[in-house]
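The values are calculated or read from the model by the stated rules, or taken from the named source; none is laboratory data. Source: prediction; values computed, not measured. For neighbour counting, all protein chains shown are included, and Cβ atoms are generated from backbone atoms with ideal geometry for every residue, glycine included.
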Amino acid sequence: MEEWVGGLWDRFITRVARRDHPEAAVHLADIEKVLGVLFRALGGDPGLRVAAAADTRHGARRRLLERVAGTGEKAAHATLDLETLRLPATLAWFPERHLNRDLYLWLIALAAAAGPAALTAREGSDFPLGAWLQLNQAAVLRALERFPGLAARYRKLVEAVIAERLDPNRLPADEAAREQAMRRALREPGSVASLPPPAGRKSMPLQPVPLWLYPAPVAKETPARRARHHERDESSGIDAGAEKRRHEAERTELPENESPFLLMFRAESLLSWAEYVKVNRDTDEDENPDAASTAEHMDRLHLAPDDGKRVASRVRFDLDLPAAAEDDLVLEDGVLLPEWDWRRHELKRDFCRLQTMTAREAPAMPLPEHLRRPARKLRSQFAALAPARRWLKAQPEGTELDIDACVRLHSDRLAGRHLSGAGAYLAMKQNERDLACLVLADLSLSTDAWVSDEHRVIDVIRDSLMLFGEALAATGDAFAFHGFSSLKRSLVRFHAIKDFGEPLDGAARGRIAALKPGYYTRMGAAIRHATGLLERQPAALRLLLILSDGKPHDIDHYEGRYGIEDTRHALIDARRAGLKPFCVTIDREGAAYLPHLFGPGGFTVLRKPEELPTRLPLLYAQLTGR
Amino acid sequence: MKTASSAAEPAAGTSGTGGEMPYYAPAGNEIALFEHAWRNHLPVLIKGPTGVGKTRFVAHMAARLGLPLFTVACHDDLTAADLVGRHLIGDGETYWSDGPLTRAVREGGICYLDEVVEARKDTTVVIHPLADHRRVLPIDRTGEVLHAPGSFMLVVSYNPGYQNFMKGMKPSTRQRFVSLRFDFPGAEREEAILIGETGCDTMTAKRLVSIGRALRALKDVDLEEVASTRLLVYAAILIRSGMEATEACRASLVESLTDDQEVAQALMEVVLATFGK
């Protein structure tokens, strides 16, 4: 009973105390693409990512009701650093939807005007308040000067924000003075050089300013954890939770369990979620079903290294290299490839070592039963694309007379009509299809994820290659299949599945069936090697088709923007070599980074991965058809 | 857009350098370079994105040098006969009809092949003997060998951005030309062009140019082709004739550049950020 009443009260008071307007909320996910394009158009760095920001405790004064309800103590701020522009996942500050949307747009314009890394705090130190105040006012002025059309909207937003703030008349004198200065800084940006100092320690911090950028929190990282962190990224695959909001997190080392019999805990902490208790409970198998909502209420998540021991369902693989006798055959070892370092703007020579390899045991096999029918259909469809010679009628010149046209011309002339310029010849035209296609499939461990009840990503990739091979064979175009994965820069594994010269026979199909997921995605190196292979093909159109399921990423520093910029560099080189790269991805977030890599019309995001086998040949027809 | 003969450019500016001369605001030394090339019988290749004034520049130069201009808009069905000429079947006889290239050679004018990469490679080979020191045009069909007079000039243009791999420019063709690169004009020059072309006010010109420059930052990331000076001119014309500025921009810039709704929305926000809502 007590609990029930408590629950009711909580729901009631939370609703009454709410200051935001959920019915008018605008979600970042809905307008992410628009914001990304706008950010780049207004002069923002095209390599930056737009992502959701974490809620942080602001510590400012709240209304009485909010204090009673225990809400409103956190807010998500817009932050900007070298790699990411973070925006609140949802904006519901204002009762009108269009104002919330305008706030997003405003933050984008402000971030574009602020320039990169304006607000990046030095590691370990807080960003000085005065500098924050001045930087933001300067950025506001710059944004308004560059985008004069925003002025009216900015004023509206300022008034709406001020209307939501606490009335200075009801604040203590010093806080009121600060609040007044803040309002002045919003209304007349550039007019406030510094805030009046707080009177004493009891003085509360400023209320959050949704119109301004905040310094990006500096993540504290302990060096030992990077590899494990990645492991999880790869394994989570595409079915990872939809909740993408970030939590403010801090890496913590677990205390060594020196004596396994000693259970450490602090009794006074048991009732509180907010404090991190250094208890090593890595053998705890019960997942807290309510963990997400708990995390919601915590200020800071402490992430401890978990020694790779995940709850049972997640432990599915082993990232150690298999024994040499078990592993795929190495065909060629030690192909050295460069890598692009975007921070230093230099191409690191011979930075990656690539091994070309082929499956050790891949018995020849016929086309699997379930693919026979679609394969037959594709073959007949694609046979139409095969090069053929045909006669063109009524040409102005040609090798033969077009009797029909001659008769028509002659009779027209006898009838007194004069048709000059109409052709009377037949010309033979060769429909040439001079093209070569190299398919580069991502075989990283993330392809082990399940896309549906029956299929994993790797199954979809296998089926796609099988069917695509049938279609390509029907067109007569030269094609090759390769796969790649990587384990740090010293081992980029490049699997030969079918080379340009080889036929698509049982042995090649066997190699497709033997594909196994493993390791990570060092895309740049693989693209560079594939570029070299495809470049040697004499065809006029050379298509580099990349099948991917996620961002480029490896367990050393190859992650985030580094991986993306390296891949981009490799793609630019590929284009320079006269290749046409195209990416087919099943990564639903692909739209965020793929335009930067492949350009508009250079990629396709498949919402349903299981459609890949049927869509891929059609895409190819669309790409190469005239 | 492409005109088939000389002096047919519509909407010639009012503040041009001469009476009939199409308006052209030079970016650098291209006028001098063109004149040098013409005097020394060198063919010229002009490359640059669409709508930056390549065609206008050629028209301007033809007027300036007092030469007839023969423009051919190249396409992939263009045959060598379309350029050189062909026998036509007439009333009881066949007769020879000169193509634009032959006419330019005979009359000593400028032959301008617009978007030359669009033409098939075997077609463009016919210009080879004209584009080097020989300066001759052999016509197989009639057995004639035309020698180009001193005033004849060959000009080709192409848009490197369009280049798809089915059609590229043969290196052997490319290496016969003096090359000029055109790019989007700087902000001030572009404002001057807008004002010169349309007579719009300075504020409108400034804002349109800033929108144009913002959209150009999206090249190859979100947009395949970016706002050309020509599109900005269209927008200025619509605004001057009384359309609401944001609507004019939607029609002439946003919808012309993308079919993607979300990208269009974002471009529209750029317009609104400049012209206000």
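Within region A:551-561, can one find any residue that is in contact with a Cys (Cβ under 8 Å, 6 or more places away or on another chain), of a type in the set (V, I, T), in the same structural domain as A:H345 (by TED's automatic domain parsing) and in contact (Cβ under 8 Å) with a residue 24 or more places away in the chain?
Let us first name the residues in region A:551-561 that are in contact with a Cys (Cβ under 8 Å, 6 or more places away or on another chain), namely none.
Within region A:551-561 (the criterion being in contact with a Cys (Cβ under 8 Å, 6 or more places away or on another chain), of a type in the set (V, I, T), in the same structural domain as A:H345 (by TED's automatic domain parsing) and in contact (Cβ under 8 Å) with a residue 24 or more places away in the chain), the answer is no, since none of the residues qualifies.
Just checking, does region A:59-66 include any residue being surrounded by fewer than 22 Cβ atoms within 10 Å (Cβ to Cβ), at pLDDT below 80 and touching a His at 6+ places or on another chain (Cβ under 6 Å)? If you could, list the steps in order and put the result at the bottom.
So in region A:59-66, the residues surrounded by fewer than 22 Cβ atoms within 10 Å (Cβ to Cβ) come out as A:59-66.
If we keep only those that are at pLDDT below 80 as well, we get A:59-66.
Filter once more, so that each one left must be touching a His at 6+ places or on another chain (Cβ under 6 Å): none.
Checked region A:59-66: no residue is surrounded by fewer than 22 Cβ atoms within 10 Å (Cβ to Cβ), at pLDDT below 80 and touching a His at 6+ places or on another chain (Cβ under 6 Å).
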(request) Answer with yes or no whether B:E247 is free of Cβ contacts under 8 Å to residues at least 12 places away in the same chain and either under 21 Å from A:L38 (Cα atoms) or within 12 Å of chain A (Cβ to nearest Cβ) (or both). (result) yes
(request) Look through region B:251-260, keep the residues that are under 13 Å from B:D222 (Cβ atoms) and more than 9 Å from every other protein chain (Cβ to nearest Cβ), and return whichever of them is surrounded by the most Cβ atoms within 10 Å (Cβ to Cβ). (result) B:V254
(message) If I filter region A:151-166 down to residues being basic (K, R) and touching a residue at least 40 places away in the same chain (Cβ under 8 Å), which single residue comes out as farthest from A:Y104 (Cα to Cα)?
(response) A:R165
(message) Looking at A:P217, A:P189, A:P210, A:P172 in this structure, which one is over 27 Å from A:L105 (Cα atoms) and either at pLDDT below 80 or in the same structural domain as A:N136 (by TED's automatic domain parsing) (or both)?
(response) A:P172
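Considering only residues that are part of a helix (DSSP H, G or I) and facing chain B (nearest Cβ under 7 Å), look in region A:141-150 and name the one that is nearest to A:W106 (Cα to Cα).
Of all residues in region A:141-150, those part of a helix (DSSP H, G or I) come to A:141-146, A:148-150.
Filter once more, keeping what is facing chain B (nearest Cβ under 7 Å): A:148-150.
Details: A:P148: 12, A:G149: 11, A:L150: 8 Å.
Selected residue: A:L150.
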(message) Condition check: over 19 Å from the mean Cα position of the chain (by Cα) and either more than 23 Å from A:A592 (Cα to Cα) or of a type in the set (F, W, Y) (or both). Does B:S256 satisfy that?
(response) no
(message) Just to verify a result, which residue in region A:472-494, among those that are of a type in the set (S, T, N, Q) and under 25 Å from A:L337 (Cα atoms), is surrounded by the fewest Cβ atoms within 10 Å (Cβ to Cβ)?
(response) A:S490
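Determine which member of the set A:Q430, A:Q381 is within 30 Å of A:T624 (Cβ to Cβ) and at pLDDT below 75. Explain how you work it out, then say what you get.
Working: A:Q381 fails: at pLDDT below 75.
Only one candidate qualifies: A:Q430.
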(message) Considering only residues that are under 20 Å from B:D201 (Cα atoms) and facing another protein chain (nearest Cβ under 7 Å), which ones fall in region B:261-276?
(response) B:L272, B:A273, B:T274, B:F275, B:G276
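Can you tell me which residue within region B:74-115, out of those that are among the acidic types (D, E) and closer than 17 Å to B:L45 by Cα, is nearest to the other protein chains (Cβ to nearest Cβ)? First the steps, then the outcome.
Step one: filter region B:74-115 for residues among the acidic types (D, E), giving B:76-77, B:82, B:91, B:93, B:98, B:107, B:114-115.
Among the residues that remain, those that are also closer than 17 Å to B:L45 by Cα are: B:114-115.
Details: B:D114: 21, B:E115: 17 Å.
That would be B:E115.
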(message) Looking at region B:207-235 only, could you name the residues that are within 14 Å of chain A (Cβ to nearest Cβ) and farther than 16 Å from B:T274 by Cα?
(response) B:L218, B:K219, B:D220, B:V221, B:D222, B:L223, B:E224, B:E225, B:V226
(message) When you scan region A:342-351, do you find a residue that is on the phi < 0 side of the Ramachandran plot, among the basic types (K, R) and at pLDDT 85 or above, even just one?
(response) yes
(request) Scan B:G85, B:G48 and give me the residue that is crowded, with 17+ Cβ neighbours inside 10 Å, under 13 Å from the mean Cα position of the chain (by Cα), on the phi > 0 side of the Ramachandran plot and of a type outside the set (D, E, K, R). (result) B:G48
(request) State the number of residues belonging to region A:500-510 that are surrounded by fewer than 22 Cβ atoms within 10 Å (Cβ to Cβ) and touching a residue at least 60 places away in the same chain (Cβ under 8 Å). (result) 5
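Here is a list: A:L594, A:L571, A:L544. Which entry is surrounded by 20 or more Cβ atoms within 10 Å (Cβ to Cβ) and free of Cβ contacts under 8 Å to residues at least 24 places away in the same chain?
Numbers: A:L571 fails: free of Cβ contacts under 8 Å to residues at least 24 places away in the same chain; A:L544 fails: free of Cβ contacts under 8 Å to residues at least 24 places away in the same chain.
Answer to the check: A:L594.
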(message) What's the total number of residues in region A:96-125 that are at pLDDT 85 or above and in a loop (DSSP other than H, G, I, E, B)?
(response) 1
(message) Quick check on my filter: what residues within region B:26-59 are farther than 20 Å from B:R230 by Cα and of a type in the set (F, W, Y)?
(response) B:F34, B:W38
(message) What's the number of the only condition in (1) under 22 Å from A:L367 (Cα atoms); (2) in contact (Cβ under 8 Å) with a residue 12 or more places away in the chain; (3) in a helix (DSSP H, G or I) that A:S446 fails to meet?
(response) (1)
(request) Looking at (1) surrounded by fewer than 24 Cβ atoms within 10 Å (Cβ to Cβ); (2) hydrophobic (A, V, I, L, M, F, W, C); (3) touching a helix residue (DSSP H, G or I) at 6+ places or on another chain (Cβ under 9 Å), find the lone condition where A:A526 falls short. (result) (1)
(message) The conditions are (1) free of Cβ contacts under 8 Å to residues at least 40 places away in the same chain; (2) away from chain A (no Cβ under 14 Å); (3) touching a Lys or Arg at 6+ places or on another chain (Cβ under 8 Å), and B:L238 fails exactly one of them. Which is it?
(response) (3)
(message) So, restricting to helices (runs of 4 or more DSSP H) that lie completely within region B:117-215, which ones have at least 3 residues that are buried (at least 20 other Cβ atoms within 10 Å of the Cβ)?
(response) B:187-198
(request) Collect the residues in region A:21-51 that are out of contact with any helix residue (DSSP H, G or I) (no Cβ under 9 Å at 6 or more places or on another chain) and more than 14 Å from every other protein chain (Cβ to nearest Cβ), keeping them in residue-number order. (result) A:P22, A:H27
(request) Restrict the check to region B:68-88 and report whether at least one residue is free of Cβ contacts under 8 Å to residues at least 24 places away in the same chain and in contact with a strand residue (DSSP E or B) (Cβ under 6 Å, 6 or more places away or on another chain). (result) yes
